[in-house]
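Each reported figure results from applying straightforward, stated rules to the coordinates on display, with no laboratory input. Being a predicted model, the structure only gives us computed values, none of them experimental. Neighbour counts are summed over all protein chains in view; Cβ atoms, including those assigned to glycine, are modelled from backbone coordinates with ideal geometry.
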Amino acid sequence: MIAHILYYFSDQNELVFDPMAGGGVVADTCLAFNRKCWSFDMDDRPETRPEIEPCFWDITNLKWPIIGKTKPDLIIFDPPYFKKQSNNYDPDGISGLTKEKYLEFLENFFSLAHVNAKKSTQMAFINADWRDFQNTPAKNETRVNSILINDYLRILNQSGWEETHIIQAPLSSERFQANVVSAMQKKGILGVTSRYVIMSKKKTSL
Ligand SMILES: C[S@@+](CC[C@H](N)C(=O)[O-])C[C@H]1O[C@@H](n2cnc3c(N)ncnc32)[C@H](O)[C@@H]1O
């Protein structure tokens, strides 16, 4: 997926900015595709991933980690999903936030990225709908508890970005084994099989 984003939305030697680099797939793929890459993560691993610089995005005081005039050509923003796997991530990370705080963080991040982007900068935001489907039959799910793609689009637009592409990226179906699907169907539970890459650019007029 990262290779496709780089191929279609950036050129050789361009600068890619990855604010939450995790395992470093973006940095690795940039190396293979001859793109420059600035990677950051709260998880500092000087021995194993020295190119990923330590940076904690503090929800109460967001700061762009690059001082100077250089602005990225492409931002690849792959934050931890809301609540999903929050047990596997650092408790200080954003996936344990409330829905309101999670969306507030994204809005503040998008606004800060807007200030630090060029007119031509593209942003790839990777995320998925969040629904409490694991425990809840589809007909009992409520909108109050969910984060859907229109929430992301709204806050992107509020922070000066305009979507150019909404690309569906299927999740692995391996976890949906026949017995799991059958149990879900019996309970009326509807799973999530896809995530999105929302591509956006700065709005030309606000
Ligand atoms: C979904 S992972 C990124 C996956 C990555 N694209 C990869 O290739 O593995 C999200 C990352 O965000 C980081 N993170 C979460 N909250 C953060 C915060 N407030 N500041 C900095 N990094 C954060 C986590 O440490 C985690 O590595």
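Ranking Tyr196, Pro50, Met123 by Cα position along the charge dipole of the chain, where only Lys, Arg, Asp and Glu carry charges on their C-beta atoms, puts Tyr196 farthest toward the positive end. For the residue pairs Lys36/Lys83; Lys36/Lys119; Lys101/Lys186; Lys99/Lys187; Lys63/Lys203, alpha carbon separations beyond 29 Å are given by Lys36/Lys83; Lys101/Lys186.
Listed by chain and number, the aspartates and glutamates placed with their C-alpha closer than 14 angstrom to that of Lys71 are Glu14, Asp18; residues fewer than eight positions away on the same chain are left out. Out of every Cα-Cα pair that the chain contains, those further apart than 30 angstrom amount to 24 percent. Measuring nothing but how far apart in sequence close Cα pairs (under 8 Å, 6+ apart) lie, relative to its length, the chain scores a relative contact order of 18 percent.
What the Cβ-Cβ distance of Asn145 and Lys203 gives, at R0 = 35 Å and to the nearest 0.05, is a FRET efficiency of 0.70.
Which of the GluC sites (Glu not before Pro) found in the stretch 1-99 are loop residues per DSSP with 15 or fewer other Cβ atoms within 10 Å of their Cβ? Sites meeting the loop and neighbour criteria: Glu47, Glu51. Extending 7 Å from the Cα toward the beta-carbon at both Phe176 and His4 defines two label points whose distance is 1.6 nm.
For Asn34 and Ala138, compute 0.36 nm times the residue count separating them, minus their Cα-Cα distance, and round to one decimal in nm. Full-extension gain reported as 33.0 nm. The charge dipole of the stretch 75-202, taken about its Cα centre with unit charges on the Cβ atoms of Lys, Arg (+1), Asp and Glu (-1) only, comes to about 280 debye.
Note on the stretch 1-79: percent of Cα-Cα distances in each 10 Å bin, starting at 0 and stopping at the bin with the largest distance, equals 19, 52, 28, 2. Qualifying GluC sites (Glu not before Pro) in the stretch 141-206, where qualification requires a DSSP coil assignment and no more than 12 other C-beta atoms within 10 Å, comprise Glu174.
The sum of -39500 (n - 2.57) across all DSSP H runs of n ≥ 4, divided by the residue count of the chain, sets its helix-only mean residue ellipticity at 222 nm to -8000 deg cm²/dmol.
Annotation for the stretch 152-193 versus the stretch 5-56: alpha-carbon center distance of 25 Å. The share of alpha-carbon pairs in the stretch 127-206 lying farther apart than 20 Å comes to 46%.
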